[in-house]
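What follows is calculated from the coordinates using simple rules that are stated; it is not laboratory data. For clarity, every value in this text was computed on a predicted model and none was experimentally measured. Neighbour counts are summed over all protein chains in view; Cβ atoms, including those assigned to glycine, are modelled from backbone coordinates with ideal geometry.
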Amino acid sequence: LLDAFDSIPEPFKKYEKELTPHLGKPLAFTPDPQGCHRSFGEHFLAETVDAMHKFGAHPEILTANELYAKGAYDEYAREYSERKDEVKEIVRVSSLRETMPDTWHPIMPICEKCGKIATTRVLNYSNGEYEYACDVATEYTKGCGYKGRAKISDHKYKLLFRLDWPARQDFLNVTTEGGSVDHHTKGGTIATVYAIHRQFFKKPGPVVFYKFGFLKYKGKKYSKSKGIGHTVTELMQLLPLSVLEYALLRPDLQEDKELVLDEQSLLTLVSDFEYAASIDPEKELERADRKKAVAYSLTQGKKWEAPIQDILVTYALYKDWKEVGKRLNDPGGVAYIAPYVEQWISRKWIPDKYVFELKGAPHEHGKLVKEFASSLSEDMEEQGIQNSVYELAKKNNLPPPELFKSIYLALISKPQGPKLARFVRILGVKKVKELIG
């Protein structure tokens, strides 16, 4: 939370007047414009912590501002500052830079006058004290011009990120930690982290430093500040947690994960999750199915029994969730998933074939449509129902799509709809015959 507030997130543009004066300050010291948290940083942290709790994770939260305030970094700040030339060269070499700015210093002071951290620079350092100036201009703010002095023991500073990270790992005794793929590039942050551990601290550093891909939205990295992607709250409104877990765990860890929820992707994702739940992991599987089975095993599991497509068809027919649960013999499961489907409905994200009413419309091939209805029996399985349409069309030299179109028009006044066999099974043969007449 000590990172500089460097841009106003898209959802908060309406608070631009209130937030603009605070650009350049640490997020921990930027007021929450909605007034629901002590700072803007805590506003976003709270949403993340809430999401972790819903996922079943309850970590101890250690915020940077609290760690700095209690002096956890002071020893490292002194050592870095007193051996500045040495640590500067380690950073230069590990980050593949030819030169470093003359003004480079491990410490980023927080201005005593304006509270900004993005616009300050250290002028000189001696024995735990430093003089600084708040006179740097950035793309989004500029310093107030103040010059002052401070002590490391005042805790009014932050270390540069490439030095903060290894220091934190050292005092927290970190053995394993992840980092996004960009940190693992040549000259990336992790190269500096290991160099600091081994060359400066004279320690091996973390045993494992695994990498993970980015979450992407239509090819662009998720960014709350730029309004790219779904918010955590929105994701949890649209998908059961177990499906969201599956979507994140299905790709390899270091792969980028495309997560775009809309009319096309929602049903596909939930159906794929249902398929993964049905896989027997004890059997010999193709790699793709093995990955799906493993991803599913790491989730909280499927909390409904009826297939999502059956749920959508039945709801379209009866528009009553209790009735849907009763007819599908899964009242608890339907009640669980209903709020998510309601979110899809409110956004008009239900595929068009699942949006219909039971009423007929003029159609061709009326005689064949009635013949199809007459051929139905209560004990027919879905494959038999589907095959009967193809056989009837073939016998009458009619392209099957034409006959399917006429049947749908006779039942729901639309040329297309849910899979016909599924629809007939859920609606019931008797009702189909009544509608077709």
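Structure summary
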{"item": "Protection proxy ranking of 2-14, 404-416 - average other beta-carbon atoms within 10 Å, highest first", "result": "404-416, 2-14"}
{"item": "Stokes-Einstein D for the range 10-61, Kirkwood Rh over Cα pairs, 20 °C, 1.002 mPa s (µm²/s)", "result": "177"}
{"item": "Full-stretch length increase - K220, V174 - with 0.36 nm per residue and alpha-carbon distance subtracted", "result": "13.4 nm"}
{"item": "Residue-averaged [θ]222 nm for the chain, counting only DSSP H segments that reach four residues, each worth -39500 (n - 2.57)", "result": "-13000 deg cm²/dmol"}
{"item": "Computed over the chain: relative contact order in percent, which uses C-alpha pairs under 8 Å that are six or more apart", "result": "10"}
{"item": "For the range 235-338: lysine pairs under 26 Å (alpha-carbon distance), excluding those fewer than 8 apart on one chain", "result": "18"}
{"item": "Ranked C36, C111, criterion: other C-beta atoms within 10 Å, fewest first", "result": "C36, C111"}
{"item": "Size of electric dipole in the range 10-61: Cβ of Lys, Arg +1 and of Asp, Glu -1, about Cα centre, debye, nearest 20", "result": "160"}
{"item": "All aspartates and glutamates inside 12 Å of K405 as judged from Cα atoms, apart from same-chain residues fewer than 8 positions distant", "result": "E364"}
{"item": "Potential lengthening between V429 and R92 on full extension [0.36 nm per residue; Cα-Cα distance subtracted]", "result": "113.8 nm"}
{"item": "Assigned charges on the beta-carbon of Lys, Arg, Asp, Glu; the chain dipole about Cα centre (debye)", "result": "660"}
{"item": "Anisotropy class of the range 366-436 from Cα gyration tensor, a/c 1.5 cut", "result": "rounded"}
{"item": "Residues whose placed amide H lies under 5 Å from that of Y146, excluding near-sequence neighbours", "result": "C134"}
{"item": "Full-extension gain in nm, E139 to N124, via 0.36 nm per residue minus C-alpha separation", "result": "2.9 nm"}
{"item": "Set of the range 420-437 residues, backbone N closer than 16 Å to the point 7 Å along the Cα-Cβ line of S413", "result": "435-436"}
{"item": "Distance between the range 343-411 and the range 1-41 - C-alpha centres, whole angstrom", "result": "56"}
{"item": "Sequence-distant residues sharing a close amide H with F212 (under 5 Å, placed H)", "result": "G179, S180, V181"}
{"item": "Summed residue charge, Cβ within 10 Å of L261's Cβ, Lys/Arg positive, Asp/Glu negative", "result": "-2"}
{"item": "Integer Hz, Karplus 6.51/-1.76/1.60 couplings in order for the range 334-339, x for Gly and Pro", "result": "5, 4, 5, 8, 4, x"}
{"item": "The chain: Cys lacking any partner C-beta under 4.7 angstrom", "result": "C36"}
{"item": "Top of T103, T189, T120 by mean-square fluctuation, Gaussian network on the chain, Cα under 10 Å", "result": "T103"}
{"item": "Average silhouette area of the chain, convex hull of alpha-carbon atoms, in square nanometres", "result": "28.2"}
{"item": "For the range 397-413, Karplus couplings with θ = phi - 60° (6.51, -1.76, 1.60), whole Hz, Gly/Pro x", "result": "6, 10, x, x, x, 5, 6, 4, 4, 5, 5, 4, 4, 5, 9, 10, 6"}
{"item": "Under 22 Å from K158, Cα to Cα: lysines that are on another chain or at least 8 residues apart", "result": "K25, K70, K84, K88, K113, K116, K142, K147"}
{"item": "J(HN,Hα) series, the range 33-46, from Karplus relation 6.51 cos²θ - 1.76 cosθ + 1.60, nearest Hz, glycine and proline x", "result": "x, 8, x, 9, 9, 5, 8, 5, x, 5, 4, 7, 4, 4"}
{"item": "Percent RCO, i.e. relative contact order, over the range 370-437, from Cα pairs under 8 Å lying at least 6 residues apart", "result": "39"}
{"item": "Residues whose placed amide H lies under 5 Å from that of Y157, excluding near-sequence neighbours", "result": "I110"}
{"item": "Choice from A167, A118, A57 showing the highest fluctuation, given a GNM over the chain with Cα pairs closer than 10 Å", "result": "A57"}
{"item": "Label-point separation, Y336 to K211 (7 Å along Cα→Cβ), nm", "result": "3.8"}
